[in-house]
Amino acid sequence: MESFRLTKNLSKARKRSIRMRIKNRIKKKYLIETLYGNKCLICGEFNTKDHIRTFNFCYVDPRRKTCQASDLFNTYTCSEIADILEKEKGVYICSNCHTVLDMDYYDIIEDIYDSEEIIKKVKDDYHRVKNRIEKISKISLQNIKDPLTKNKIFAIRENVIVYFNAIYELSQENINITNKSISKKSGIDYSGVKSFFFRRRDFLKRYINFDIGSPTIYKLTQKGENFVSLINYFRRHFQTLELNECVDCKYRRENECIANKPDQCPFIKSGTHLPFDLDE
DNA sequence: CAGAGGGAGCCACGTGGGAT
DNA sequence: ATCCCACGTGGCTCCCTCTG
């Protein structure tokens, strides 16, 4: 959000709104894939990777409805949504299949179409979808966890990357990696470095080997090295994206957009090229 | 004995989420 | 969109213990 040029200059509120939207999409994708697989279970035409927005919350019996589907991911965790799906006999299917099921003119279908063949086809379609959904709704919902629930042990912030980079650079220079050398490399006070590694030791052991002693020597594990290279890859990628669409913009400077207000950059203002609609 | 680690606590800051 | 509150995080201080 802070490195990507199309989002870094947006207002706090917009950034927050985008964060929430991304979070909700991840929750929705996780829930659907865990329960039904990565395609619409009725038609199999739409997948969760490319068409997540087309998946709708759908009731087998709308009389059970107690909440607004549009508020689900803003309001509830994945496991709570799973409970709602179970209690209210709801499912997520693609909007095409949803439309077939929500056919509110079913009872007057004979008055709409003249052709017996079409009437039969529409009715068959409706029953096919409804029967599939009744089977789906019996699927066990016990496996749903809450993958985005706040991790109370550790959150990766900018300074964490500073520590990892310092360790990585020190290892490249063949310097003993201790609290003292990390402090010197990162510019963070020795006591700050000390308490960081002390507090987070259990978690950090996944990425860093601790040779406890006087002094304690740190070393990145293979997983830690992969973590550092992945972080740096994405940072470079978003910082150096070509600005093809800004070719005539007066705020373009080489490979950087220096606009610092949304209305200075038409692409940021309109939301064009973002992977979502700002006003959705 | 100096330097390093262990551990508790304080404070500032950022973020998420609810209310309006 | 904005404000407010709760909470997590991390820098830092202080004191104690351990180690070479």
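The values are calculated or read from the model by the stated rules, or taken from the named source; none is laboratory data. Quantities reported herein were computed from a predicted structural model and do not represent experimental measurements. Glycine also receives a Cβ, built like all others from the backbone with ideal geometry; neighbour counts cover every protein chain displayed. Calculation scope for accessible area: heavy atoms of the full protein, side chains included, ligands and nucleic acids excluded. Shrake-Rupley method; radii C 1.70, N 1.55, O 1.52, S 1.80 Å.
Data for the structure
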| item | result |
| --- | --- |
| Region A:213-236: number of residues that are outside any helix (DSSP H, G or I), open to solvent by 70 Å² or more (accessible area, probe 1.4 Å) and out of contact with any helix residue (DSSP H, G or I) (no Cβ under 8 Å at 6 or more places or on another chain) | 1 |
| Unmet requirement for A:ASP104, which otherwise passes all of (1) more than 19 Å from A:THR54 (Cα to Cα); (2) assigned to a helix (DSSP H, G or I); (3) open to solvent by 70 Å² or more (accessible area, probe 1.4 Å) | (2) |
| Failed condition for A:ILE167, given (1) open to solvent by less than 70 Å² (accessible area, probe 1.4 Å); (2) within 10 Å of DNA strand B (Cβ to nearest atom); (3) of a type in the set (A, V, I, L, M) | (2) |
| Residues of region A:196-212 that turn out to be more than 15 Å from A:LEU170 (Cβ to Cβ) and open to solvent by 40 Å² or more (accessible area, probe 1.4 Å), as a count | 8 |
| Failed condition for A:ASP102, given (1) farther than 20 Å from A:ASN38 by Cα; (2) modelled with pLDDT under 75 | (2) |
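Residue by residue, here is whether (1) surrounded by fewer than 20 Cβ atoms within 10 Å (Cβ to Cβ); (2) modelled with pLDDT of 75 or more; (3) part of a helix (DSSP H, G or I); (4) away from DNA strand C (no atom under 16 Å from the Cβ) holds:
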position	(1), (2), (3), (4)
A:ARG19	yes, no, yes, no
A:LYS27	no, yes, yes, yes
A:CYS43	yes, yes, no, yes
A:ASP50	yes, yes, no, yes
A:PHE73	no, no, yes, yes
A:GLU80	yes, no, yes, yes
